[in-house]
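Participant: Handing you this structure, nothing more for now.
Where a number appears in this text, it was derived from the coordinates with a stated rule and is not lab data. All of these numbers come straight from a predicted model, not from anything done at the bench. Note that we place each Cβ from the backbone using ideal geometry, even for glycine, and neighbour counts take in every protein chain shown.
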Amino acid sequence: MGKRLLPPDNGGGDHIEPVDLKKALEERYLAYALSTIMHRALPDVRDGLKPVHRRIMHAMRLLRLNPDQGFAKCARIVGEVMGKFHPHGDQSIYDALVRLAQDFSMRYPLVDGQGNFGNIDGDNAAAMRYTEARMTDVATELLAGITEDAVDYRPTYNEEDEEPIVLPGAFPNLLANGSSGIAVGMATSIPPHNAAELCDAALHLIEHRDAPVAKLMDFVQGPDFPTGGIIVDSRASILEAYETGRGGFRVRSKWNQEDQGRGTWSIVVTEIPYGVQKARLIEKIAELLMARKLPLLEDIRDESAEDIRVVLVPKSRSVDPGILMESLFKLTELESRFPLNMNVLSRGKVPNVLSLKGVLQEWLDHRRDVLIRRSKHRLGEIERRLEILAGYLIAYLNIDEVIKIIREEDEPKQVMMARWSLTDTQAEAILNMRLRALRKLEEFEIRKEFDGLTAEKKQIEALLASDAKQWSTIKWEVTQVRDKFGPETEIGKRRTQFADAPEHDLTDIAHAMIEREPVTVVVSEKGWLRAMKGHLADLSTLTFKEGDSLKLAFHAQTTDKVLVFTTGGKFYTIGADRLPGGRGHGEPIRIIVDMDNDQDIVTAFVHDPKRKLLLASFDANGFIVAEEEVVANTRKGKQVMNVKAPDEAKRCEPVTGDHLAIVGENRKMLVFALSEIPEMSRGKGVRLQKYKDGGLLDLKPFTLATGLSWQDSADRTFTRSREELAEWIGARASAGRMVPKGFPRTGKFG
């Protein structure tokens, strides 16, 4: 009968089972999230490794790529890892392997690479068929004892082999080499540290289990990046980060000033922050240079060979090198922030954010577990060997009878077991003895081995029975690691230094990032602003939109701050470099700042932080304020003078002299001492002049000893001396008297 071509009709359709979409998505996404967290992104606190790194180490051990052995092609290693342990892409495995070999990525590399493994410029490593690798001494420390039942194993993905769940980890790898990763809903970021310092802190923690993090910081000063750099955070900031497991570190490049002769100099950068690619950094600085955002810098050159050497040439010899570097720190990755988020798999099972003490404690607890497991494993080996040696000694004491039984009996094993109460293992070992082992010297050596193993067994049993002896042994192990990677070794020297960030005036730094050029700021009656290049003397050529005209204009530099005072009593701060250029009519102020539609510009001027201002409203309320108090840091401005409709801010004048002349719409003038006006940071102020009708028209601070001056419509200047002003001098909030003869009809001082 031929093969059936059609499927049987079982009436069940396609066997599509309806499920709830929400429930299915929740279950499957949860499984994915847990897989990402547990098996990909977060390191185990005990050995500091993610699964892919642990599998690479395990595979290299099986390939016997020890530090004293030869290299193997990376393609061979990647194939071993992918085929047996890690069912993912070969390139991702190779990328992980390459990183383990990069001395600018790993503080203590786990892989010794031969060939092109990339560089700090960001160049990629050569293909895996060209590069070779083997383990380093650090990797062997992580694996030490793995054949002695130190850790548990689990089946591999295809259940054809086994892999370790965690490595023994004699080296404090998590903190020494750091880690970073992004999982679902959580991430980790741990900077590298100095292994000797970590060992010192661990030794102190063994002796003082309740030691606070602040005490551990006597040993662990902070991160120790493979690329060096300078950490400019305070000790209090670092302490808080280590106590909470969250925070960050500001890392700056290391630089020095080199004398080039004849008064010229240059800056040489020799170390850059961890994780920064040098080529991209130089490219960014060059872009800023071309965009004229680094006016203090003339040129940048990369003279690096094996060591980093980036040369920065200043614009002139008068440039302050500190200010130049501060501007670069602010705009480029010459200063970067490395985040701290010690989110790890606690005990290899639960994601948890640990403190510095928590991480060290879990590593020490793991080392104790490893010690106990290795000790029990060794104890089992000793007991099995002692059992065999005891059988050998019985055989030597009865050697002639043993030989006779072996020669004459059909079942010599059973006879010997019955004759001397031997175990099956002992009898089997005696039967497997070589004839040459029957010599007298062999018996002596067996007795010596028996006595030695018996003494070792007692030591291990005492160790397993005593917590104090266990911790004493762990101290010895940690001390061995500390000696091996101590500060006196080349790899153990601290590379990252600590310093306080130099204090520079923020204004100087802001100026350093702006090209200083003269401009003329033009403000129109309808609130349009622009900055014309140069200091213009003739403003008659300026054009405005139809129905608009010039309100005011003043000279400034692009590095200046421009203060704008509005009828609502608000001050707005605008950098002169941010003002629209002179082409066209400029831009409305409401595009530049968030000014209310019902407000208009009263005045605008260049900020002088040493000056004081006199503010006055239409109702003649006013006060004096320090100019540095009115600077706004946001687009919304700063409310300084409180005015309530229909009143509005009317005047803003720099405080000069000792008296104030004020004129109302009723053409009455009052002169009184400025000392009668209070100085405030914000508010409504006090009454300056009393009116029955109308309000304030103009005011002018002046020095009474030199007299009060004004100009008429014909630009003639009139001055009234102290004596001539006597009848107008009064107390603040008085009504005043009609203006002197010859005062302008506009009622303003001109």
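Participant: Over all pairs of distinct alpha carbons, what does the Kirkwood formula give as the hydrodynamic radius of the range 516-607, in Å? Mind dumping the intermediate values first?
Facilitator: Values: mean 1/r = 0.0764 Å⁻¹.
Taking every pair of different Cα atoms in the range 516-607, averaging 1/r and inverting gives 13.1 Å.
Participant: HN-Hα J couplings of the range 155-171 from phi, Karplus 6.51/-1.76/1.60, θ = phi - 60°, integer Hz, Gly and Pro as x?
Facilitator: Once rounded to whole Hz, the list reads x, 6, 4, 9, 6, 8, 8, 10, 9, x, 6, 8, 8, x, x, 5, 9.
Participant: Turning to a different aspect of this structure: Which far-off residues, 5 or more places away or on another chain, put their amide H under 5 Å from the one on ASN398, with H placed in the peptide plane?
Facilitator: Amide H neighbours of ASN398: none.
Participant: Provide the FRET efficiency to the nearest 0.05 for the ALA305-SER234 pair, computing r from the beta carbons and using R0 = 30 Å. Please list the in-between numbers first.
Facilitator: Values: r = 36 Å, r/R0 = 1.19.
Efficiency, from the Cβ-Cβ distance: 0.25.
Participant: Ranking TRP265, TRP728, TRP363 by Cβ neighbours within 10 Å, fewest first, what do you get?
Facilitator: On the way: TRP265 16, TRP728 21, TRP363 25.
Result, fewest neighbours first: TRP265, TRP728, TRP363.
Participant: Sorted by average packing, counted as other Cβ atoms within 10 angstrom per residue and highest first, what order do 348-357, 591-600 take?
Facilitator: Output ranking for 348-357, 591-600: 348-357, 591-600.
Participant: Taking θ as phi - 60°, what are the ³J(HN,Hα) couplings along the range 134-147 by the Karplus curve (6.51, -1.76, 1.60), each to the nearest whole Hz, with x for Gly and Pro?
Facilitator: Each residue of the range 134-147 in turn: 8, 7, 9, 4, 5, 5, 5, 5, 5, 8, 4, x, 5, 8 Hz.
Participant: Okay, moving on. So how do TYR572, TYR691, TYR32, TYR94 line up by other beta-carbon neighbours within 10 Å, fewest first? Can you show the working numbers first?
Facilitator: Details: TYR572 25, TYR691 17, TYR32 11, TYR94 21.
Fewest-to-most Cβ neighbours within 10 Å comes out as TYR32, TYR691, TYR94, TYR572.
Participant: Another question, then. For log10 I(q)/I(0) by the Debye sum over Cα atoms at q = 0.06, 0.07, 0.10 Å⁻¹, pick the label among (1) -0.56, -0.70, -1.07; (2) -0.40, -0.54, -1.07; (3) -0.65, -0.78, -1.09 that corresponds to the value derived from the coordinates.
Facilitator: The value computed from this structure is option (3).
Participant: In deg cm²/dmol and to the nearest 500, what is the mean residue ellipticity at 222 nm of the chain if only DSSP H runs of at least 4 residues count, each as -39500 (n - 2.57), divided by the residue total?
Facilitator: Details: 19 runs with 238 residues, N = 750.
Helix contribution divided over all residues of the chain: -10000 deg cm²/dmol.
Participant: In whole Hz, with x marking every Gly and Pro, tabulate ³J(HN,Hα) for the range 77-93 from phi via Karplus 6.51 cos²θ - 1.76 cosθ + 1.60, θ = phi - 60°.
Facilitator: Result, rounded to whole Hz: 5, 4, x, 5, 5, 5, x, 9, 10, 10, x, 9, x, 5, 5, 5, 5.
Participant: Using alpha carbons only, what's the Rg to Rh ratio of the range 575-715 with Rh from Kirkwood? Spell out each step's value before the answer.
Facilitator: Values: Rg = 16.6 Å, Rh = 16.8 Å.
Computed over Cα atoms, the ratio is 0.99.
Participant: Next question, about the same structure. Amide H to amide H, which residues 5 or more places from GLY178 or on other chains are under 5 Å from it, using H placed in the peptide plane?
Facilitator: So GLY178 has HN proximity to HIS193.
Participant: Amide H neighbours of VAL655 under 5 Å, at least 5 residues apart or on other chains, H built in the peptide plane: list them.
Facilitator: Hits under the 5 Å cutoff: LYS612, LEU613, LEU614.
Participant: Starting from 0.36 nm per residue, how many nanometres of slack lie between THR706 and ASP410 once their C-alpha separation is accounted for? Intermediate results must be reported in sequence, preceding the final value.
Facilitator: Numbers: separation 296, 0.36 × 296 = 106.56 nm, distance 13.88 nm.
In short, 92.7 nm is gained.
Participant: With r as the distance between the Cβ atoms of ASN116 and SER681 and R0 = 45 Å, compute the FRET efficiency 1/(1 + (r/R0)^6) and round to 0.05. Mind showing how you got there, number by number?
Facilitator: Details: r = 63 Å, r/R0 = 1.41.
In this case the efficiency is close to 0.10.
Participant: If you take every residue apart from VAL643 with its C-beta less than 11 Å away from the C-beta of VAL643, what net charge results, scoring Lys and Arg +1 and Asp and Glu -1?
Facilitator: Local charge sum for VAL643: +1.
Participant: Taking the simple approach of a point 7 Å from Cα along Cα-to-Cβ for both ASN158 and GLU383, what is their distance in nm?
Facilitator: 3.8
Participant: Any idea how many Lys pairs in the range 359-484 come in under 22 angstrom at the alpha carbon, given 8 or more places apart or on separate chains?
Facilitator: Pairs that pass both the separation and distance tests number 14.
Participant: Between the range 283-334 and the range 99-138, what's the alpha-carbon centroid distance in Å?
Facilitator: Answer, in whole Å: 30.
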